[in-house]
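Below is one structure, written out as structure tokens; the observations come after it.
Bear in mind that the values in this text are calculations on the coordinates, not laboratory data. As the structure is a computational prediction, the values presented were derived from the model and not from experiment. Here the Cβ is made from the backbone with ideal geometry for all residues, glycine too, and neighbour counts use every protein chain on show.
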Ligand code: SF4
């Protein structure tokens, strides 16, 4: 019998489960409370359900779906990388990043990735499988530091818009009053920009959006990001200009403008996208958009001609953009010594070994 995980189900769906098993619908509401308010690890802990309800749930193949990480690596800077098992027998990496009053969790949505970005170890791994909503949520649910989290970013392994059903379901559970009741402003979803995902994400969520940009010139972006060929960065920017967050400075808050934040991620590569002419192209591309740019240091990965730039170049690039009116920051690189930094996540070895 296939195990069915309760994490990720809505109260309505849990009520349907209860009714199907011959119990009153309110049992579904009780289960939702045990899952999302009390974070139980097993059905036996749901102490206000009768023994019969608990036994039936278990005999019918239901389980909470909480699975602890099987491995943990700690960086000298406090970053922690966890290896979580997935429902279908694979593994994903999740990175916990404490920083003064903030604690951010970088979650994964797929095992491997189809996007094949040239600078990313996950892209090298190739695509293995998409996570279920339960697998995505479990990275938060079973995180030892769960109660310290202030922010969640979908910037781990995989492309969120390529697994949007599960990502949207996870966001619903995270933000609903009956769920974890998080503000959507504490959640950021990052994408290379798959056309199929934009409408639904923008219409059905209020989470922040981060675009993996990395190069302002389409033909050159395509060389390091094959996804450019399917839906180009110019089309993405045009689409985003139609959204209300793009014009929020020009519209009064009382008009109900979303306070959604838009950012562009830009890994700076030596000789590839780090010149003043690239900075000018970036300014032209993003002209008219209400957004910020996050510059990211590149960490060398094997068998690639790509290299990062020194601090001086990084600062010059940022200062040029900032002095021309584009809000630009340099993102701190965290967890490099445990391969937890941007672009370094991969479970290829563990997949090949079959064990963590
Ligand atoms: S950077 Fe993101 S989208 Fe690109 S290959 Fe890596 S995980 Fe996939």
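Listed values, structure above:
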| quantity | calculated |
| --- | --- |
| Mean separation of Cα contacts under 8 Å, 6 or more apart, over the residue count of the chain: relative contact order % | 15 percent |
| Gyration tensor verdict on the stretch 4-63 (Cα atoms; rounded if a/c is under 1.5, prolate if a/b is larger than b/c, oblate otherwise) | rounded |
| Label-to-label distance, nm, for residues given as residue 277 and residue 199 (7 Å Cα→Cβ offset) | 3.9 nm |
| Approximate spin-label separation residue 20-residue 38, in nm, with each point projected 7 Å along Cα-to-Cβ | 2.4 nm |
| Rounded tilt (10° steps) of 311-323 against the dominant C-alpha axis of the chain | 90 degrees |
| 330, 233 arranged by Cβ crowding within 10 Å, fewest neighbours leading | 330, 233 |
| Expected 222 nm ellipticity per residue - DSSP helices of 4 or more, -39500 (n - 2.57), all of the chain, to 500 | -9000 deg cm²/dmol |
| Relative contact order of the stretch 1-147, defined on C-alpha pairs under 8 angstrom at six or more residues apart (%) | 19 percent |
| Ordering of 29-39, 112-122 by burial proxy (mean other Cβ atoms within 10 Å per residue, highest first) | 112-122, 29-39 |
| Separation of the residue 333 and residue 45 label points, Cα + 7 Å toward Cβ, nm | 3.9 nm |
| FRET efficiency for residue 238 and residue 206, using Cβ-Cβ distance with R0 set to 25 Å, rounded to 0.05 | 0.70 |
| 0 to 90° range, to nearest 10: angle between helix 11-20 axis and the chain longest Cα axis | 30 degrees |
| Potential lengthening between residue 165 and residue 349 on full extension [0.36 nm per residue; Cα-Cα distance subtracted] | 63.5 nm |
| Folded to 0 to 90 degrees: helix 164-175 orientation relative to the chain principal axis, Cα | 70 degrees |
| Stretchable slack from residue 68 to residue 223, in nm (0.36 nm times residue separation minus alpha-carbon distance) | 51.9 nm |
| Over the chain, volume per residue of the alpha carbon convex hull, in Å³ | 148 Å³ |
| Potential lengthening between residue 102 and residue 313 on full extension [0.36 nm per residue; Cα-Cα distance subtracted] | 73.1 nm |
| Hull-based mean projected area of the stretch 71-156, where the convex hull spans the alpha carbons, in square nanometres | 5.8 nm² |
